[in-house]
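Read the structure below first, then the notes.
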2 protein chains.
Amino acid sequence: MKIIQVNENVSLRRDPDSGNEKIQAVVDDILATVRHDGDEALRAYTKKLDGAETDALFVTETERVEAYESLEDEAVEALQQAIANIRDFHERQRPQSWMTTKSDGTILGQQVTPLDAVGVYVPGGKAAYPSTILMDVIPAQVAHVGRIVMTSPPDETGRLHPAVVVAASELGVETILKAGGAQAIAALAYGTESVPAVDKIVGPGNDYVALAKRAVFGQVDIDMIAGPSEIVIIADDSARPDYVAADLLSQAEHEERATAIVVTPSKTLAKKVSAEVERQLEDLPRAAIARQALADYGAIYLTADLSEAVAVVNELAPEHVEVLCEQPFAYLGKIKHAGAIFLGENSAESVGDYFAGPNHVLPTNGTARFSSPLSVDDFLKKASIIHYSAEALAENHENIATLARLEGFEAHARAVDIRRKRGGPKS
Amino acid sequence: MKIIQVNENVSLRRDPDSGNEKIQAVVDDILATVRHDGDEALRAYTKKLDGAETDALFVTETERVEAYESLEDEAVEALQQAIANIRDFHERQRPQSWMTTKSDGTILGQQVTPLDAVGVYVPGGKAAYPSTILMDVIPAQVAHVGRIVMTSPPDETGRLHPAVVVAASELGVETILKAGGAQAIAALAYGTESVPAVDKIVGPGNDYVALAKRAVFGQVDIDMIAGPSEIVIIADDSARPDYVAADLLSQAEHEERATAIVVTPSKTLAKKVSAEVERQLEDLPRAAIARQALADYGAIYLTADLSEAVAVVNELAPEHVEVLCEQPFAYLGKIKHAGAIFLGENSAESVGDYFAGPNHVLPTNGTARFSSPLSVDDFLKKASIIHYSAEALAENHENIATLARLEGFEAHARAVDIRRKRGGPKS
């Protein structure tokens, strides 16, 4: 791996990927067609793009039974434990409606209500990502979303990966649409004869899915458009090079555009990590992908001290940060921008990716400067509550009218004046 | 006003306004020029578009003193009381960082941190909207945002409206840029020699501002793109027609595209409200605007009962709802989608627009289905915290590795395996 001394001339942030106009035109066409032709268009695109005949648009009970039969028991048990952990963590996020009252009769507050309906997109292809289903569905369930529709592209036999079907079934997801790409996003956003429209769409996908989500944003809400995954590891001399290397590779194996960075004041560690990465790459199944990612977006940054290492993290605002230092908690308060912070040498990123409980849907590409992990909040909305009594209005109506007239809104002022002129209110 | 019997053939929702490609091209050009030429471009656009020479890009101390001199004392005092109320309400919204611990040493949690820097856009023109400043700046301050930059277009003398300067000064806003339109948004998003870039831009503006905000979204975060303002009033026979009419007009005077709707089962009330609206329009300064809004987007919907009236509200998901019924709190739990809910006959919308405390920046155009009022949360972000002990990893590493391998990510599995193979961890 490249070892780079940090100074003011080193540019840390990577440029965002630019959009693709050709794909956008295809996406816009698919969206319009599904919006107009509904289920018929959905079936036609699934046949054309996924090569699958789907008589039944939704996963059947038989398919669920078959999925369970083809999955190892230990995988089902691991999913169940992960579900319990993720549910426990997200239940701690749930906000309450609240009110504040004053002795003049005023009641102010905030009413929290769940979204009516949410769509969860799950990528297809050869691999399956059941962890994504857990991370997207559980916060929606904890928020008490009324209706959850999952969708994922079928393979050529018209089926979904068994791990996807089992993960959804373990969560009690009743509606699993077999459709992918922009056509699935269109069905969720606009509704079809058999797919009722939702209010928000979450979940990762390829460029078609991302552009389709961006296009329907406004009609419905969407979660973030995720960029390539990133890890930055802050390490001192106490860190084990083999752990650091293993964690870098677990990020780099995701895809060629993944970012894996170490920031350390230790030249010794830097050299050892670089050697360890080579050693561990030797027998890694996805070594080609990881090598490419490390070549393009990997680096070991040398800093003057750990303070400067933290400053590099804050400049990068990465998706994942690991603190592999002797006193990891000493740095928690200093890390200003990150999606998830892994403290101490036993807290490998994999622990959080799959199992510990916090969400793995995290802000990428520097957006941790202003964005947060997916949470229960993303499936709730709030309404302000305002109740003024006759007494409260009598006390305050002149101030309100003054402010309204300052802005030139006479009718706003009269709306409070009229309530003062006409004797006492009824209630 | 139109009185319409609600049935399944009545279409309630209005279509979103479509974008404007001509304006977009102008906006894109301004953004690129300011990004490239910085302060020089900012000054040139301010001269060209606002007709103002601005030697000093920022409001000076002298301008602040002059602003106070030209504002009535009662206006300053009303602003001060509004500030106190809005601050009190928003302080109740502030979330805490939290942690949960397990006896195996696991620590999981959520760290809450403020955004580093926020830009607040304030519209200019003949009128001033100090209430907007209060609603945008106070939640950012309560969140402890590091740096707040306000910006507003100057008039031809190069000055801002005194109410704008006083409102900002009362809040302690130190940096007030004198620039408007897309050029101001560009300066905030990209930074110039004298304007440091921010992480998020909030505040309403004209079409140029809205399109510029949309264009820089991703580079920075933005608040919602607000549509025309809306009110829906649920009323029964107990409601006073003059109050209902006054509140409709306070919405309709905003602009020709504003929506003002009554939903009631009472034909008697419907007729009285319609007559009252005409009567109150007679001497209203902004009567022409209000008349146009009511003609295009106003309606009195007749429903079978109050339950159906609430259903109409939930279908519309309006920005503001007033409940002018005998038992207003009986309907609170039934209102699923609304930005702000005003309960009872003394709770005119003006009370919330200016003074009570809750934010007046609210979701419009049906987006209350999935969006919330502007709040302290919009100026904070969260990071997950994950700490696993050696004991916790020993207990769980097999499940984690199983899930990683189920997804085909061998390096993820090895990152936990390697920590189990190598003796006990150091700490």
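The values are calculated or read from the model by the stated rules, or taken from the named source; none is laboratory data. No experiment lies behind these values; they were computed from the predicted model shown. Because the Cβ atoms are built from the backbone with ideal geometry, glycine has one as well, and the counts that use them run over all protein chains shown. For the accessible areas, the whole protein counts, side chains as well, though only heavy atoms, and no ligand, DNA or RNA atoms are used. Shrake-Rupley method; radii C 1.70, N 1.55, O 1.52, S 1.80 Å.
Summary of values
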read-out	value
Across A:Lys382/B:Lys382; A:Lys200/B:Lys200; A:Lys48/A:Lys126; B:Lys213/B:Lys334; B:Lys48/B:Lys213; A:Lys382/B:Lys272, pairs whose alpha-carbon gap is larger than 27 Å	B:Lys213/B:Lys334; A:Lys382/B:Lys272
Calculated label separations, A:Lys271, copies of the chain, 7 Å along the beta-carbon direction, nm	9.6
Cα-based shape type of the range B:361-422, given that a ≥ b ≥ c are square roots of the gyration tensor eigenvalues and the cut on a/c is 1.5	prolate
Computed [θ] at 222 nm, deg cm²/dmol, the protein assembly as shown (DSSP H ≥ 4; -39,500 (n - 2.57); rounded to nearest 500)	-13500 deg cm²/dmol
Amide H contacts of B:Ile300 (H built 1.01 Å from N, under 5 Å, at least 5 apart or other chain)	B:Lys2, B:Ile3, B:Ile4, B:Val262
Copies compared at B:Asp305 - label distances in nm, ascending, label defined 7 Å from Cα in the Cβ direction	7.3
Teacher prompt: B:Glu395 distances to equivalent labels in other copies, 7 Å Cα→Cβ, nm	5.2
Amide H within-cut-off set for B:Ser194, under 5 Å, with H built and near neighbours excluded	B:Asp39
Mean accessible surface per residue for the protein assembly as shown, computed with a 1.4 Å probe while every protein chain stays in place, in Å²	39 Å²
Three-way shape label, the range A:275-407, alpha-carbon gyration tensor, a/c 1.5	prolate
On Cα atoms only, tilt of B:21-37 relative to the major axis of chain B in degrees	50 degrees
Whole-Hz couplings from phi, Karplus 6.51/-1.76/1.60, listed for the range B:141-153; x for Gly and Pro	5, 4, 6, 6, 4, x, 8, 10, 10, 9, 9, 7, x
Cα Rg over Rh - the range A:292-356, Kirkwood	0.96
Interface burial for B against A (accessible surface, 1.4 Å probe, total of both chains, Å², rounded to 100)	10600 Å²
Heavy-atom accessible surface of the range B:227-365: percent carbon and sulfur, 1.4 Å	48 percent
Translational D in µm²/s for the range A:221-328 (Stokes-Einstein at 25 °C, 0.890 mPa s, Kirkwood Rh from C-alpha pairs)	176 µm²/s
Residues in the range A:385-400 that, when all protein chains are in place, have 30 Å² or more less accessible area than the chain alone would give (probe 1.4 Å)	A:Ile385, A:Ile386, A:His387, A:Tyr388, A:Asn399, A:Ile400
Complex-versus-alone comparison for the range B:342-362, residues with a loss of 30 Å² or more in accessible area, probe 1.4 Å	B:Leu343, B:Glu345, B:Asn346, B:Ser347, B:Ser350, B:Val351, B:Tyr354, B:Phe355, B:Ala356, B:Pro358
Listed residues B:Tyr331, B:Val122, B:Val232: farthest to the positive end of the dipole of the protein assembly as shown (Cβ charges)	B:Tyr331
Protein-protein interface of the range A:182-203, residues with accessible area decrease of at least 30 Å², isolated chain reference, 1.4 Å probe	A:Asp199
Net charge over other residues, Cβ less than 15 angstrom from the Cβ of B:Pro358 (K, R count +1; D, E count -1)	-3
Chain B - Kirkwood radius from inverse mean 1/r over Cα pairs (Å)	24.5 Å
Portion, in percent, of the accessible area of the range B:27-154 that falls on carbon or sulfur, probe 1.4 Å	47 percent
Reach of B:Lys102 by Cα under 15 Å, taken over aspartates and glutamates that are not fewer than 8 positions away in the same chain	A:Asp88, B:Glu391, B:Glu395
Cα gyration tensor shape of the protein assembly as shown, rounded if a/c is under 1.5, else prolate or oblate by comparing a/b with b/c	prolate
Estimated Rh, the range B:162-273: Kirkwood, alpha-carbon pairs, angstrom	17.3 Å
